[in-house]
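A short worksheet on the structure shown next.
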Amino acid sequence: MNLNRNALYMLIGGLVVLVVGLGIYIYDKESKPDGVEVKIGEGGISIQEN
């Protein structure tokens, strides 16, 4: 009985970690602006399409 309960806690913990990780990934993807990014630095001008 104790082993089954520990396995259930591990499964629930793994699902929580998965949901949090997926949420962070989606938030990061949605928060980036679409279009072209232009950076001017010491190495010159950099243009990157998002």
> Considering the range 5-14 alone, what residues qualify as being open to solvent by 80 Å² or more (accessible area, probe 1.4 Å) and either of a type outside the set (Phe, Trp, Tyr) or not in a helix (DSSP H, G or I) (or both)?
Replying inline: 5, 8, 10, 11, 12
> Looking at this structure, is residue 37 out of contact with any helix residue (DSSP H, G or I) (no Cβ under 6 Å at 6 or more places or on another chain) and open to solvent by less than 90 Å² (accessible area, probe 1.4 Å)?
Replying inline: yes
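Yes/no matrix, rows are residues, columns are (1) in contact with a Phe, Trp or Tyr (Cβ under 8 Å, 6 or more places away or on another chain); (2) without any contact (Cβ under 8 Å) to a residue 24 or more places away in the chain; (3) aromatic (Phe, Trp, Tyr); (4) surrounded by 10 or more Cβ atoms within 10 Å (Cβ to Cβ):
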residue	(1), (2), (3), (4)
3	no, yes, no, no
16	no, yes, no, yes
21	no, yes, no, yes
25	no, yes, yes, yes
28	no, yes, no, no
33	no, yes, no, no
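The values are calculated or read from the model by the stated rules, or taken from the named source; none is laboratory data. What you are looking at is a predicted structure, and each value in this text was computed from that prediction instead of being measured. As a convention, Cβ positions derive from the backbone with ideal geometry for all residues, glycine included, and neighbour counts pool all protein chains shown. Accessible surface areas use protein heavy atoms only, side chains included; no ligands, DNA or RNA. Shrake-Rupley method; radii C 1.70, N 1.55, O 1.52, S 1.80 Å.
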